[in-house]
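Below is one structure, written out as structure tokens, with a few remarks after it.
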Ligand code: FDA
Ligand code: NAP
């Protein structure tokens with residue numbers, strides 16, 4: 001390799017959240033790594049250190065998923081990276097079991113993820129945002145195969161460098177969604193930035209706060225405000241009549257099993273539509289039963305005491321937000337016509353959800369080579385690889401953004417252990433013929449040299 005030539009890896013991962021962390025472990029544990037030359041992998045993460053939705057690590061928030069759906073267990077139940085191994089390592093296994101609870105707090109799960117990450121830290125670079133993925137220059141297209149070239153920007157200095165990859169795995173996560181026309185600022189927050197914004201604000205100044213949305217984030221932030229700001233009026237602005245419960249009953253929960261991915265992927269349009277029609281309420285715009293009951297109890301206790309500071313504005317939407325300085329006027333529309341037309345608040349949080357991952361922006365020109373279906377979505381193989389025109393022979397894999405092909409678990413933790421294993425298998429399967437071709441070509445070169 002000449003000095004000016006960028007390093008080349010078998011796999012480059014964009015983003016190092018739980019999904020690509022699970023992939024890094026999968027690659028390391030892959031049996032082929034013992035038998036042949038190890039797969040070379042590098043991951044780039046734009047955050048300065050590992051963090052999983054840090055701004056929503058509210059003190060008592062619990063996971064929405066069993067601790068057994070960790071980074072590895074469903075792929076390799078004897079992995080040293082399991083949540084049970086973590087508990088054992090922390091000398092907390094017995095205490096955890098005594099709780100008789102499947103759901104750890106998000107804070108504990110974050111500790112687990114950090115613990116696993118600290119054992120894989122040699123493959124990841126932090127403060128490194130991937131800004132583009134391109135086809136590598138023609139001279140690199142040798143018999144060992146094509147390369148993709150990634151631009152990686154240092155988030156502190158702004159300087160860029162390049163790396164080459166035989167396969168890229170894009171796992172950049174959900175994108176915060178704001179209502180059209182509403183812009184974030186120091187008093188208008190999205191839930192994804194909640195704790196950071198809250199921590200930077202003088203809490204004495206928060207006398208009137210509002211939370212928009214009827215999902216898990218909205219419910220958790222509303223309860224947090226009510227508890228932490230005893231001097232404040234807390235307004236919950238809901239498009240729905242009431243918070244709806246997240247269905248986690250066992251038959252419905254099967255849609256998150258890895259077997260359901262096959263049913264979705266190989267099913268017909270009617271079947272796929274049924275997944276969404278009947279089971280959207282397992283995850284989107286829904287709240288844990290206990291959290292709903294907690295908020296209702298708050299409202300009820302205030303009725304009993306005759307002092308109301310939790311204001312529940314249902315069937316209500318935000319039309320616009322105006323103002324500068326320390327307060328904002330929020331214009332409202334309520335479909336029963338009884339609520340206020342506007343509110344003056346010191347802070348408003350839009351817990352209005354997320355859009356799914358879309359790799360198109362990173363792919364830029366390369367996206368022209370990625371085939372799309374009739375509804376304009378990327379075509380994706382069962383093993384999560386974008387279907388491309390023949391000119392692109394490298395693998396571009398997705399972890400996330402495959403709701404249209406692989407179903408409801410695409411953006412969740414439910415299936416990451418199995419999915420990462422499937423992607424690792426696919427990459428390693430694809431590597432074998434390339435290696436043979438490369439070894440053959442070298443042999444020819446050596447013999448003739
Ligand atoms: P994730 O978003 O975690 O990671 C993507 C990473 O890519 C980020 O670290 C980001 O900084 C990085 N990145 C983005 N662009 C980049 C670029 N250009 N270059 C470099 N790095 C880049 N699901 C579930 O199953 N159970 C649960 O309990 C929860 N709980 C939960 C709580 C909250 C508050 C939210 C918002 C979501 C959940 N989820 C969830 C769903 C959530 O999507 C899931 O837990 C994981 O975060 C998915 O992991 P990923 O690695 O795919 O994305
Ligand atoms: P969400 O489930 O998508 O909910 C968004 C809410 O905002 C919905 O009620 C939605 O209503 C409403 N909304 C959207 N646009 C709106 C608008 N313009 N005006 C008013 N309301 C609007 O998002 P979320 O609550 O952030 O949850 C996202 C994911 O994170 C889920 O998977 C959830 O389980 C997870 N999560 C987990 C935890 C935890 O583990 N403890 C905590 C928080 C979140 P409509 O349905 O009508 O669009």
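The values are calculated or read from the model by the stated rules, or taken from the named source; none is laboratory data. In this text, all values refer to a predicted model and were calculated from it rather than measured experimentally. Cβ: placed from backbone, ideal geometry, glycine included. Neighbour counts: every protein chain shown.
Annotations
- Remark: residue 263 falls outside the filter, which requires a residue to be within 30 Å of residue 344 (Cβ to Cβ), away from ligand 2 (no atom under 16 Å from the Cβ) and either not in a loop (DSSP other than H, G, I, E, B) or not assigned by TED's automatic domain parsing to the domain that holds residue 217 (or both).
- Matching residues in the stretch 274-291 - criterion: being buried (at least 18 other Cβ atoms within 10 Å of the Cβ) and over 21 Å from residue 378 (Cα atoms): 279, 282, 283, 285, 286, 287, 288, 291
- Some residue of the stretch 197-216 being outside the structural domain of residue 39 (by TED's automatic domain parsing) and in contact with a helix residue (DSSP H, G or I) (Cβ under 6 Å, 6 or more places away or on another chain): yes
- Subset of the stretch 153-177 that is in a loop (DSSP other than H, G, I, E, B) and surrounded by fewer than 19 Cβ atoms within 10 Å (Cβ to Cβ) - its residue that is nearest to ligand 1 (Cβ to nearest atom): 174
- Here residue 334 fits the description: at pLDDT below 95, within 13 Å of ligand 2 (Cβ to nearest atom) and surrounded by 12 or more Cβ atoms within 10 Å (Cβ to Cβ).
- Complete set of residues in the stretch 31-57 that are in a loop (DSSP other than H, G, I, E, B) and either buried (at least 19 other Cβ atoms within 10 Å of the Cβ) or in contact with a strand residue (DSSP E or B) (Cβ under 6 Å, 6 or more places away or on another chain) (or both): 39, 40, 45, 46, 50, 52
- Residue satisfying all of: in the stretch 178-227; near ligand 2 (Cβ under 9 Å from one of its atoms) and part of a loop (DSSP other than H, G, I, E, B); surrounded by the most Cβ atoms within 10 Å (Cβ to Cβ) among these: 213
- Selection status of residue 271, surrounded by 15 or more Cβ atoms within 10 Å (Cβ to Cβ) and either assigned by TED's automatic domain parsing to the domain that holds residue 408 or over 26 Å from residue 222 (Cβ atoms) (or both): no
- Some residue of the stretch 314-330 being within 16 Å of ligand 1 (Cβ to nearest atom) and in contact with a strand residue (DSSP E or B) (Cβ under 9 Å, 6 or more places away or on another chain): no
Residue-by-condition table, conditions (1) without any contact (Cβ under 8 Å) to a residue 24 or more places away in the chain; (2) within 16 Å of ligand 1 (Cβ to nearest atom):
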| position | (1), (2) |
| --- | --- |
| 186 | yes, no |
| 196 | no, yes |
| 205 | no, no |
| 240 | no, no |
| 296 | yes, no |
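- Within the stretch 275-294, the set of residues being touching a strand residue (DSSP E or B) at 6+ places or on another chain (Cβ under 7 Å), within 16 Å of ligand 1 (Cβ to nearest atom) and in a helix (DSSP H, G or I) comprises 289 only.
- Residues (out of contact with any helix residue (DSSP H, G or I) (no Cβ under 8 Å at 6 or more places or on another chain) and within 27 Å of residue 203 (Cα to Cα)) located in the stretch 323-339: 323, 324, 325, 327, 328, 329, 330, 331, 332, 339
- Some residue of the stretch 211-220 being within 16 Å of ligand 1 (Cβ to nearest atom), over 29 Å from residue 193 (Cβ atoms) and touching a residue at least 12 places away in the same chain (Cβ under 8 Å): no
- Counting the residues of the stretch 331-342 that are closer than 25 Å to residue 223 by Cβ and under 33 Å from the mean Cα position of the chain (by Cα) gives 2.
- Residues in the stretch 57-84 that are free of Cβ contacts under 8 Å to residues at least 60 places away in the same chain and more than 30 Å from residue 195 (Cα to Cα): 77, 78, 79, 80.
- Some residue of the stretch 301-312 being touching a strand residue (DSSP E or B) at 6+ places or on another chain (Cβ under 8 Å), closer than 22 Å to residue 181 by Cα and surrounded by 11 or more Cβ atoms within 10 Å (Cβ to Cβ): no
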